[in-house]
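S.K.: Below is a structure I'd like to ask you about.
Where a number appears in this text, it was derived from the coordinates with a stated rule and is not lab data. Computed from a predicted model, the values in this text were never measured in an experiment. Cβ coordinates were reconstructed from backbone atoms using ideal geometry, including for glycine residues, and neighbour counts include every protein chain displayed.
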Amino acid sequence: MTFTIQPIAFRARVCLTAAVFTVSGYAVAALPLHKLTLPNGATLVVVESPAIPMLDVHIDFDAGSRRDPMGKAGLARFTAEQASHGVSARSGMLALDENEVGQAWADLGAMYGSNASDDRLSFSLRTLTEPDLLAKAIALAARQIGEPAFADSVWQRDRQKAIASLKESYTRPSSVAWRAYSQAVYGSHPYGYEVSEGSLGRISVADMRQFYASGVVACRARVSMVGAVTLAQAASIAQQLLSRVPQTPCAELPALPTVPEVAPLAQPVQHDIAFDAAQAHVLMGQPGYKRNDPAFFPLLVGNYILGGGGFVSRLQNEVREKRGLTYGAYSSFSPGLHAGAFTVSLQTRPDQAAQALAVASRVVEDFVANGPTQAEVTAAKDNLIGGFGLMNDSNRKLLGNISTIAWNDLPLNYLDTWVQQIKKVTLQDIRTAMAAKLQPDNMVTIVLGATP
C-alpha cells in the first residue's frame, strides 16, 4: 500500500491546483443547481461540474456558537475542532488517533476539516473522484462525522494551548478592541459571547459530546456539493457521509431552543481603552440586519458606496484621500441568522483618533440622512457586476455560494439572478434601506490607544 501514497498525493495536488479554474470558462447558468430532500431528511444542493475529477463537499448543522450555553463560550468552536482529532472504535473498526487520521487523509491525497462559525457547525471534504479513492475518502469522512473520539487527553492539551493563545491575544490591540466592540454591540446575545479562561475551564468532553449529539443529526444537515458527480451519485454520497450520525426524523426530535434576536441599541455607547500602541484602533457600529432581509441587495450596494468599495468609497475618500488620517477606512455588514453588526473600522495615529472618528461619524450620518448620488450608485453597480465572475471562478468559491444558498433557503436561481438583482437597485432603495437599518445617534464607539 505504501507505494501508492506519493502518486495519489501528487495527483491530488495537481487537481487541487487545476480545480481553481474549473468554473471560469462557464457561465453560472450553464451549471444548474439541483436541490432535493434525502430519505434521512437532509437537504442536498448540487452543482455537477465534470471538468476536473474532484469533489468538494460542505455540510452544515445549526450548531454554531449561537448555541453556546451562557458561561461556556467557545463550546461550539472547540467541539468542532476536537471532532477532527480522531475517531472511536465502533462496528468492528479500530479507533484512530489524530496522527493516524492525519496519515490516512495524506495517503488519500484528500482534505477534510471541521469548524464552527456564529451560526453553523460545518464539515468539509475535498477529494479526487477516482472510484477507489472516493469510496475510501467518503468512508473515512463518515467515521469522522459520526464517530469522533473526543479524547479527554487531547482536550486537556488543546485547552492549555487555547488559554495560552487567549493570553497572547490580550497583548494585541486589534484583539482587545474587537472583543470590547463585539460585547458592546451584541450585549447578552450569544453573538457577543467571548471565550475566556473561565469559559474554557468550564467546558468538558462530556459537554462536547452532548452538544454534538444534539446538533449533528442527519435530518438537520444541509449538504452542498460541487464536482464531477451526477445528482444520483451526490445523493448516495450524502447518505453515506451522514450514515453514522443519528437518523431520527426531525418530527420526532425536540425542537432546538429558540435563540433571541439581537436587541437594538437604546443609546450610544463609547469606550475609550488605554493601550500602548503605535496606532489607535477605532471601531464604530451597531446591530445591522439578518441575511434573509428583503433589502439585502440595496444594503449591499449601499455599503459598497459607503465603505465597502475600497478606494472608491466615501469613507476612504473623506478620511484618507482628503485628510490623510488613515491608510484605510472601511464599513461592512455581517448578516447571519440574526442581525450581524454594521461596522466602521480604521486605524490612525493616536493623536488623530478623535479627528478621524469625527470625520467617519459625519460621513455615516450624512449617508444615512441623504443617501448616495446617482453617479455613485451607477459606479457601484458597475463595479459589483464586473466583479461577479470572481465570486465563482473556482469550485471552492462556487461551493461557498452554494452552501450559502442551502443554508439560507435562497432560491436556486440566486446566482443566475444576482446581476439582475444588483441592476434593479435604485438610489431610493438604498436611501430607504440604510435609513431603516442604521441609527447614527445610537452607535457603539470603541477607541483604543488614542492620545489622552
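S.K.: In terms of Cα to Cα distance under 18 Å, which lysines are near enough to LYS290, apart from those fewer than 8 places away along the same chain?
M.R.: Candidates past the 8-residue exclusion: LYS437.
S.K.: Work out the charge dipole of region 269-448 with +1 on the Cβ of Lys and Arg and -1 on the Cβ of Asp and Glu about the Cα centre, then indicate which of GLY400, HIS338, THR432 is farthest towards its positive end.
M.R.: The listed residue farthest towards the positive side: GLY400.
S.K.: Would you compute, from DSSP H runs of 4+ residues alone, the mean residue ellipticity of the chain at 222 nm, taking -39500 (n - 2.57) per run and dividing by the full residue count, rounded to the nearest 500? Mind dumping the intermediate values first?
M.R.: Details: 15 runs with 184 residues, N = 452.
Value at 222 nm, helices only: -12500 deg cm²/dmol.
S.K.: Starting from the Cα-Cα distance between ARG172 and VAL259, subtract it from 0.36 nm times their residue separation and give me the gain in nm to one decimal.
M.R.: Net length gain for the segment: 28.2 nm.
S.K.: While we're on this one: Give the distance, in whole Å, between the Cα centre of region 58-85 and the Cα centre of region 395-452.
M.R.: Region 58-85 and region 395-452 have Cα centres spaced 25 Å from each other.
S.K.: What is the helix-to-structure angle for 131-146, meaning the angle in degrees between its Cα long axis and the longest Cα principal axis of the chain, kept from 0 to 90 and rounded to the nearest 10?
M.R.: It works out to around 70 degrees.
S.K.: At a 10 angstrom cut-off on C-beta neighbours, averaged per residue, how do the peptides 310-316, 396-402 rank from highest to lowest?
M.R.: Descending packing order for the listed peptides: 396-402, 310-316.
S.K.: Would you list ASP393, ASP276 from fewest to most Cβ contacts within 10 Å?
M.R.: ASP276, ASP393
S.K.: For the chain, max minus min Cα coordinate along each principal axis, in Å, sorted largest first?
M.R.: Each principal axis gives a Cα extent; for the chain these are 67, 51, 46 Å.
S.K.: Could you compute the net charge surrounding GLN240? Neighbours are other residues with a C-beta less than 13 Å from the C-beta of GLN240; K and R count +1, D and E count -1.
M.R.: +3
S.K.: How big is the charge dipole of region 2-252 about its Cα centre, in debye rounded to the nearest 20, if each Lys and Arg gets +1 on its Cβ and each Asp and Glu gets -1 on its Cβ?
M.R.: Computed charge dipole of region 2-252: roughly 280 debye.
S.K.: Helix 353-370: angle to the longest alpha-carbon principal axis of the chain, degrees 0 to 90, nearest 10?
M.R.: It works out to around 90 degrees.
S.K.: Moving on to the next point. Mind putting together the pair-distance distribution for region 2-252? All Cα pairs, 10 Å bins, whole percent per bin, short to long.
M.R.: Percent of pairs per bin, in order: 7, 27, 31, 24, 10, 0.
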